[in-house]
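This report refers to the structure that appears directly beneath it.
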Number of protein chains: 2
Amino acid sequence: MKQSMTLIPTLREVPADAEIKSHQLLLRAGYIRQNASGVYSYLPLARKVLQKVEQIIREEMDQSGSVELLMPALQQSELWQESGRWYTYGPELMRMRDRHDREFALGATHEEVITSLIRDEVKSYKRLPLSLYQIQTKFRDEKRPRFGLLRGREFIMKDAYSFHSSHESLDQTYQRVFQAYSNIFSRCGLDYRAVIADSGAMGGKDTHEFMVLSDVGEDTIAYSDTSSYAANIEMAPVVMEYEKKAEEAKEIEKVRTENKKSIEEVANFLEVDAKDCIKSMLFKVDDRYVLTLVRGDHEVNDIKLKNLLGAATAELADAEETKSVLGCAVGSLGPVQAKDVEIVADHAVAAIVNGVCGANEENYHYMNVNPERDFEVSQFADLRFILEGDPSPDGEGKILFAKGIEVGHVFKLGTRYSEAMGATYLDENGRTQPMIMGCYGIGVSRTMASVVEQFNDDKGLVWPTALAPFDLHLIAVNMKDASQAELAEELYAKLKAARFDVLFDDRQERPGVKFADSDLIGMPIRITVGKKASEGIVELKVRKTGDMHEVHVDELQTKIEEIMKSL
Amino acid sequence: MKQSMTLIPTLREVPADAEIKSHQLLLRAGYIRQNASGVYSYLPLARKVLQKVEQIIREEMDQSGSVELLMPALQQSELWQESGRWYTYGPELMRMRDRHDREFALGATHEEVITSLIRDEVKSYKRLPLSLYQIQTKFRDEKRPRFGLLRGREFIMKDAYSFHSSHESLDQTYQRVFQAYSNIFSRCGLDYRAVIADSGAMGGKDTHEFMVLSDVGEDTIAYSDTSSYAANIEMAPVVMEYEKKAEEAKEIEKVRTENKKSIEEVANFLEVDAKDCIKSMLFKVDDRYVLTLVRGDHEVNDIKLKNLLGAATAELADAEETKSVLGCAVGSLGPVQAKDVEIVADHAVAAIVNGVCGANEENYHYMNVNPERDFEVSQFADLRFILEGDPSPDGEGKILFAKGIEVGHVFKLGTRYSEAMGATYLDENGRTQPMIMGCYGIGVSRTMASVVEQFNDDKGLVWPTALAPFDLHLIAVNMKDASQAELAEELYAKLKAARFDVLFDDRQERPGVKFADSDLIGMPIRITVGKKASEGIVELKVRKTGDMHEVHVDELQTKIEEIMKSL
């Protein structure tokens, strides 16, 4: 591709409203332009990268036994009413009316469409399992679109759905897609983790998020420093024994703690360790109130609480609720004499001896509190967030934290949609059964942005070879110099014939502009035709390492192949 | 691909609401399913065909010097207000509001988006010309979606836009894209014509439609029986000399023609030839009235009338307008003593001697009317529709008519959008100039349906090799027969390794069902593994010709390649 014929509108300045690297660089290097908040055009370089990502996805999904189809963006509201999501999805679901005033959703996801399709076409266990995917534009009306392609309102996704007559079959497909996703993100060159995630209200058991490690990620991953264990911090179990202090239980004592509310304030004032304090928090779990205790230096994990109690929701009670249940304000709560409220506690609380807790009375705490002697606990369980340094739940190594960008998600849906929408099949015995489903997503445009987050330097983008829009960036320093222009044209033809994808900067621009643009747009290898053109010598620059090589054109192809292999 | 793993839901019955072959067959053969009126899912076989069409388009567009990008479906209303089309496009433009109540159009076309993009990024003649294309989903809220994929509300298009600093440059790109389109439709195996079309209100000069010849087409093409000349019937000029009858002019005579209104009734009643009658029709051309005359056996072409008078619109006047301008009803109109109205006439009228026309008085006509003696004509011009048998305008052969499906359109837009939206560049002399634009569209999903219209028989689809979802359809007659199943599996692996795209019917179905499905879905070659499996003999069937060949597996590949070449 001759650069004079394409559109790569590079910018010298960092765009003011772009907060993160991928957003800044994709704009600056002329890969994307914003059309509206959260809505972008993919310019020619980005289109090529997306196609490469899509091709990798297609190959791996096909390999996993999934079959491609293409469903529409316009989705009749009736389908979403059947699943119930028309009412629960909220304003993120873009909705519109056609000329006949019929309501449509713009596809944010396709569970409803595919479930209705399979419900109509598949009736027998003989036609199952079935795994189908599409690569398609999705619409979600994010409240605050941001971070460029990471959180947009119109974006490209690969979504897949599988249908089964048994959980074993779902497990198999889940594993295959899991492997496909691992292959996809590895081939994209990404540093990622498959993390155990929360299955939410879906009732499924297994679900994993594929997270690209990045400081701009909005999720926190807890991972082992030695094994492959990784989980969303919400999900990581704490697996450890707490040792009880070797100390005699003392008599409980009520002390005045004027205006001391936080654990830190109370511990400092009473000159005890936060570890010896009991943090007490009142949660509304579905319809009842549960006082939840963790050690003073720990935090309650509401998802663990919710799962422990088999509830749909677990939310911190507000001031008014707290007052009415425990008779005092947040900051003085405690389990001692907390009547009429269920108490659950993290395992660490059981190991506290002569601890401190709120007295359910403003400005008062208890000292020398001992669990089970001074209050009853209905259940001890794992209820806290894991911390850096905790042992990894798989028994190998210690936990570290990282931020992650979710680029993929595999999910066992179970019968959530098939039951709501009547997607049933006849089993071997002629009995009607709801299909068991899985769903699997990859953010295609988000994957591209994640690669940019991981592959850049102060000069611009540094594409991994698998995704670079072009293999080679050929530059003639001075197109007005006949021998340079001639050699460049000759090399352009020759390299194209050798099946390299070449971007040829044939523009009449100053060398400085060409070099800066070249670094900015980030092809793996730059070939510069300059003053030594008449001797048949050109310069190779490896974008990633900055290494320079002077090469005679006769050895050019060999040298390029050698460098490519090393990248 | 094993058939048991994919979704090909064939139907035995012709769907009741599908009127045309492509709609019926794509439904019956399990290629598409309707999600809503004019909205379809492309099932796995259709997805593969679409990808093949898209790949051909990409190769030819790239070859033409156009560069791919991808623009969004969500388009801010402000852009469409700039071009003015927010108000003129009508209900076919789907519109919606986001959560912040901002108005968007769902892209029906992308002139506004690309013009705004190029306006912002390209400022100098040095960066022109530029030609960009995308393959993308489009939305148009058709009043009556019908004919399956031929007239849908959500469909796939390739649209391209070019930007130039001179008309010569536009001409060059126009020619290149024209050639690309010719290549694309030829490679798809289509019988098509590039026809001269009306440039409408766009003010452009050249515009061609690419029409696939088909009886279900909604357009009529006038084409030469000997040359490549073809035009939309609206546009074909009539190039012929009319000979004046060798007859003396007689005296004009007013005759009573009680209740005779049509040319046929009047001609029969007065015992004259329709060729000797003058058909007079009153048109409202922009703001004025023009009485338009053609010979009795001809029809007025309103587009020619409009273009002759340089008007924006030319519509038949209604009864009330006619009454007020000429004082009588339609059916008795004529040019004699038609005062205060401009009269234009087709060349054929000039050759009429002693003709018949209405008398502008109910139930009366004039006989022996002679143009220029009995009425004045402001202009004689080509004003009628061409007819079958007329000489071809290029001087070669005679005109025939055919129906066509518009699958492509190339169009010189000129400065319609660049002027409205301020897309200017600085020329060599530093002067601000509006960019000159072209636009070029191909209906991708419509192209697929058009191929089906041209390639089918009473058993089903008959794909041309370039677009067939699979090259080969491998069938084991009885999967329970070990030698058949084994040989089929072996051939499946072998043929895939030889780079054939193979669909392998491994289903436990009756042979009759398998054969019927195979004919219906229409792969070019069927390979049947049946009773002679143990001898290593299989049967090849060529879908197009029905030819059968018994082949030993050792010669299978050679035979397949031989047949492929012949298709």
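If you go through region B:308-346 and keep only what is polar (S, T, N, Q) and either in contact with a Lys or Arg (Cβ under 8 Å, 6 or more places away or on another chain) or farther than 17 Å from B:Lys254 by Cα (or both), you end up with B:Thr313, B:Thr322, B:Ser324, B:Ser332. Residues that are more than 11 Å from every other protein chain (Cβ to nearest Cβ), of a type in the set (Phe, Trp, Tyr) and surrounded by fewer than 19 Cβ atoms within 10 Å (Cβ to Cβ) are absent from region A:144-154 altogether. The residues in region B:210-241 that are in contact with a strand residue (DSSP E or B) (Cβ under 6 Å, 6 or more places away or on another chain) and not in a loop (DSSP other than H, G, I, E, B) can be counted, and the count is 12.
Looking only at residues in region A:444-480 that are small (Gly, Ala, Ser) and surrounded by fewer than 24 Cβ atoms within 10 Å (Cβ to Cβ), the one that is farthest from A:Arg526 (Cα to Cα) is A:Ala466.
Among the residues of region A:58-77, which ones are of a type in the set (A, V, I, L, M, F, W, C) and either under 18 Å from A:Ser162 (Cα atoms) or in a loop (DSSP other than H, G, I, E, B) (or both)?
Scanning region A:58-77 gives A:Met61, A:Val67, A:Leu69, A:Leu70, A:Met71, A:Ala73.
Across region A:276-303, the qualifying residues are those that are without any contact (Cβ under 8 Å) to a residue 24 or more places away in the chain and not in a strand (DSSP E or B), and the one among them that is farthest from A:Phe385 (Cα to Cα) is A:Asp287. Listed here are the strands (runs of 3 or more DSSP E) enclosed by region B:78-152 that have at least 3 residues being polar (S, T, N, Q): B:130-139. Residues that are outside any loop (DSSP other than H, G, I, E, B), facing another protein chain (nearest Cβ under 7 Å) and closer than 21 Å to A:Leu74 by Cα occur at least once in region B:14-34. Hey, could you check region B:1-37 for residues that are more than 25 Å from B:Cys188 (Cβ to Cβ), polar (S, T, N, Q) and in contact (Cβ under 8 Å) with a residue 12 or more places away in the chain and say which is surrounded by the fewest Cβ atoms within 10 Å (Cβ to Cβ)? Going through the qualifying residues, I end up with B:Ser37.
Listed here are the residues, each with its yes/no results for (1) among the hydrophobic types (A, V, I, L, M, F, W, C); (2) under 33 Å from the mean Cα position of the chain (by Cα); (3) surrounded by fewer than 19 Cβ atoms within 10 Å (Cβ to Cβ).
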| residue | (1), (2), (3) |
| --- | --- |
| A:Glu265 | no, no, yes |
| A:Asp276 | no, no, no |
| A:Asp287 | no, yes, yes |
| A:Val290 | yes, yes, no |
| A:His298 | no, yes, no |
| A:Asn307 | no, yes, yes |
| A:Ala314 | yes, yes, no |
| A:Ala317 | yes, yes, no |
| A:Gly327 | no, no, yes |
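Taking first residues from region A:433-451 that are charged (D, E, K, R) and partners that are crowded, with 24+ Cβ neighbours inside 10 Å and assigned to a helix (DSSP H, G or I), the Cβ contacts under 9 Å between residues at least 6 apart in sequence or on separate chains come to A:Arg446/A:Leu149; A:Arg446/A:Leu150.
For region B:112-133, the set of residues classified as of a type outside the set (A, V, I, L, M), buried (at least 23 other Cβ atoms within 10 Å of the Cβ) and under 18 Å from B:Leu79 (Cβ atoms) consists of B:Glu112, B:Thr115, B:Ser116, listed by residue number. The requirement of being surrounded by fewer than 19 Cβ atoms within 10 Å (Cβ to Cβ) and either more than 11 Å from chain A (Cβ to nearest Cβ) or touching a residue at least 40 places away in the same chain (Cβ under 8 Å) (or both) is not satisfied by B:Tyr40. Whenever a residue of region A:146-167 is more than 26 Å from B:Ser4 (Cα to Cα), its partners that are assigned to a loop (DSSP other than H, G, I, E, B) and of a type in the set (Val, Ile, Thr), lying with C-beta atoms within less than 6 angstrom and at least six residues away or across chains, give the pairs A:Phe147/A:Ile20. Within region A:528-551, being assigned to a strand (DSSP E or B), in contact with a helix residue (DSSP H, G or I) (Cβ under 7 Å, 6 or more places away or on another chain) and of a type in the set (A, V, I, L, M, F, W, C) holds for A:Val529, A:Val538, A:Leu540, A:Val542, A:Val551. Screening the candidates B:Arg176, B:Arg256 for the property of being under 30 Å from B:Glu60 (Cβ atoms) and among the basic types (Lys, Arg) yields one hit, B:Arg176. Residues of region B:83-114 that are within 13 Å of another protein chain (Cβ to nearest Cβ) and hydrophobic (A, V, I, L, M, F, W, C): B:Leu93, B:Met94, B:Met96, B:Phe104, B:Ala105, B:Leu106, B:Ala108, B:Val113, B:Ile114.
Contact annotation: residue pairs with Cβ atoms under 6 Å, 6 or more positions apart or on different chains, pairing a residue in region B:50-77 that is more than 9 Å from chain A (Cβ to nearest Cβ) with a partner that is in a helix (DSSP H, G or I) and among the basic types (Lys, Arg), are B:Ile56/B:Arg187; B:Ser64/B:Arg176.
Just so you know, all these numbers are worked out from the coordinates, no wet-lab data involved. Source: prediction; values computed, not measured. Here Cβ is always computed from backbone atoms with ideal geometry, including for glycine, and neighbour counts include all displayed protein chains.
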